[in-house]
Amino acid sequence: MAEPMLSVKGLEAWYGESHVLHGVDIHINQGEVITLLGRNGAGKTSTLRAIMGLTGRRSGSIKFNGTELVAARSDIIARAGIAYCPEERGIFASLDVTENLMLPPQIAPGGMSVEEIYTLFPNLKERARSQGTKLSGGEQQMLAIGRILRTGAKLLLLDEPSEGLAPVIVQQIGVTIRELKKRGFTVLLVEQNFRFAQTVADRHYVMDHGVVVDHVANHELAASMERLHKYLGV
Amino acid sequence: MDFFGIPAPLLFGQLLLGLINGAFYALLSLGLAVIFGMLNVINFTHGAQFMMGAFAAWMLLNFFGIGYWGALLLAPIIVGITGIILERLMIAKLYKLDHLYGLLLTFGIGLIIEGLFRNEFGSSGMPYRIPAELQGAWDLGFMFMPVYRGWVVVVAFFACLATWLVIEKTKIGSYLRAATENPALVQAFGINVPRMMTLTYGAGVALAAFAGVLAAPIYSVNPQMGSNLIIIVFAVVVIGGMGSILGSVLTGFGLGVIEGLTKVFYPEASSTVIFVVMAIVLLARPAGLFGRA
């Protein structure tokens with residue numbers, strides 16, 4: 001098998017004095033959709049932020065397409081081809097919808113055109129001149145995902161895109177993620193919503209206390225339920 | 001022709017003087033607002049950098065024979081570059097600390113720069129001639145308007161307008177606004193935010209130096225010219241709202257006019273009126289007239 005697109009080994013990370021990741025190992029192959037499952041505080045968001053260079057000190061290894069990024073600054077990591085959609089969505093209040101959409105610079109050829117993004121999220125086109133934070137929660141989530149599709153980044157880190165959204169919107173996000181997979185994007189997804197994760201992902205990593213504690217292929221998920229409930233504490 | 005018993009030439013003369021002072025308040029508070037928005041540093045070196053702009057114009061003329069028009073372009077670039085060096089070598093080291101440290105550092109550097117200039121040039125001030133093209137006065141019927149003063153008001157207005165357009169209507173401006181809200185995320189989109197902060201500081205300083213060149217023919221070029229002005233400018237910034245671009249421009253011009261009118265109607269209060277307004281605004285709207293709470 002070819003080298004994985006992203007290979008994280010023994011990743012540790014700190015916020016100031018607080019040690020949040022204790023040696024995370026994950027790998028993602030080109031074109032896969034992978035979820036990180038786990039309880040609140042298990043280290044899922046910290047893993048995404050550490051990959052993106054947004055935590056404090058990091059050690060271990062983050063290899064992306066063969067390049068070591070564990071010591072790189074976040075703008076260098078972005079330019080290597082990784083794009084990040086934060087949990088709080090990070091829509092800018094002082095920018096309108098179009099400006100928010102156009103904000104991330106193009107880092108490689110082959111990103112989606114604005115027209116394609118509007119086809120994927122028709123609501124955004126209607127609200128093009130609105131202030132970014134005046135959108136509904138679902139629209140803000142679409143904007144947060146939409147703006148990183150333009151840039152040519154091939155690996156998308158999505159932090160809980162389904163959080164706090166109405167079921168019909170969650171469905172739409174699910175359709176979007178499957179569409180992105182079809183278009184060749186690779187996705188690393190943080191999720192609390194088990195059922196949602198099941199409808200989009202190829203494999204799942206389960207995290208607890210800042211390490212990966214289990215790894216399940218999507219087709220084994222049903223059979224592994226009992227074991228997973230222990231970690232997820234539901 | 002009288003207004004409320006005040007002769008028109010006196011009234012309009014003071015109004016014009018107010019507008020000119022307002023133009024400097026606006027240019028300086030605009031630079032402070034841009035710097036504060038991006039760097040979260042209250043740049044207390046701003047007054048010294050304004051003064052450096054005037055001195056740069058004077059030196060360009062007396063050492064290199066470069067006149068007013070060349071200085072208007074070169075002095076902001078030269079002083080802006082000193083700002084960039086200052087940001088890289090010192091201010092950038094303080095971003096992770098409390099804002100107070102940036103304030104203390106820039107305050108100290110301002111004092112040092114002023115002291116150096118006073119040692120070298122004394123404090124009496126040196127004249128700088130109005131360029132030939134802008135000498136003389138227009139007869140407006142009710143008063144004489146010195147051409148240079150009209151020029152300053154118009155140029156300052158367009159410089160403010162241009163800055164506002166760059167920030168509100170361009171791609172670079174959208175990076176700037178976004179980075180003001182959430183610099184970490186903007187950097188995670190692949191934008192070199194530290195370099196942007198350096199250039200923003202340089203641009204804010206260049207704006208102060210530009211104001212300094214404009215001021216050189218009006219006030220004499222002396223080492224204290226910045227510190228006299230900057231205290232009022234900080235009051236303007238507080239009234240307009242920290243970091244608000246439009247707020248600093250409107251408040252700058254507006255307060256200059258209020259100050260001018262006070263000189264006409266109640267001269268005793270003219271040096272304090274801005275601080276009275278500041279106290280009232282702080283009580284009623286602590287975030288300033290245009291600030292986001």
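Residues that are more than 14 Å from every other protein chain (Cβ to nearest Cβ), assigned to a helix (DSSP H, G or I), among the aromatic types (Phe, Trp, Tyr) and more than 30 Å from B:Pro127 (Cβ to Cβ) do occur in segment B:198-214.
Candidates are the residues of segment A:65-79 that are surrounded by 19 or more Cβ atoms within 10 Å (Cβ to Cβ) and without any contact (Cβ under 8 Å) to a residue 24 or more places away in the chain; the one that is nearest to B:Arg177 (Cα to Cα) is A:Asp75.
Count, please, the residues in segment B:251-293 that happen to be within 22 Å of the chain's Cα centre (by Cα), within 22 Å of B:Val153 (Cβ to Cβ) and surrounded by fewer than 19 Cβ atoms within 10 Å (Cβ to Cβ). Looking only at that region, the number is 7. Taking segment B:68-77 as the range and being closer than 21 Å to B:Pro127 by Cβ and out of contact with any Lys or Arg (no Cβ under 9 Å at 6 or more places or on another chain) as the test, the residues that pass are B:Trp69, B:Gly70, B:Ala71, B:Leu72, B:Leu74, B:Ala75.
Among residues that are in contact (Cβ under 8 Å) with a residue 24 or more places away in the chain, out of contact with any Pro (no Cβ under 9 Å at 6 or more places or on another chain) and part of a helix (DSSP H, G or I), A:Asn123 is not included. Close contacts from segment B:170-181, counting a first residue that is within 7 Å of another protein chain (Cβ to nearest Cβ) and a second that is among the polar types (S, T, N, Q) and surrounded by 21 or more Cβ atoms within 10 Å (Cβ to Cβ), with Cβ to Cβ under 9 Å and a gap of 6+ residues or different chains, come to B:Ser174/A:Asn100; B:Ala178/A:Asn100. Counted as qualifying within segment A:146-234 are the strands (runs of 3 or more DSSP E) with 2 or more residues that are within 24 Å of A:Ala80 (Cβ to Cβ) and over 13 Å from the mean Cα position of the chain (by Cα), namely A:203-208.
Residues in segment B:29-59 that are at pLDDT below 95 and either of a type in the set (A, V, I, L, M, F, W, C) or within 10 Å of the chain's Cα centre (by Cα) (or both): 13 in all. For segment B:35-61, filtering for residues that are open to solvent by 20 Å² or more (accessible area, probe 1.4 Å) and in a helix (DSSP H, G or I) leaves 5.
The values are calculated or read from the model by the stated rules, or taken from the named source; none is laboratory data. Please read these numbers as outputs of a predicted model, since none were measured by experiment. Glycine also receives a Cβ, built like all others from the backbone with ideal geometry; neighbour counts cover every protein chain displayed. The area values use the complete protein model at the heavy-atom level, side chains included, leaving out ligands, DNA and RNA. Shrake-Rupley method; radii C 1.70, N 1.55, O 1.52, S 1.80 Å.
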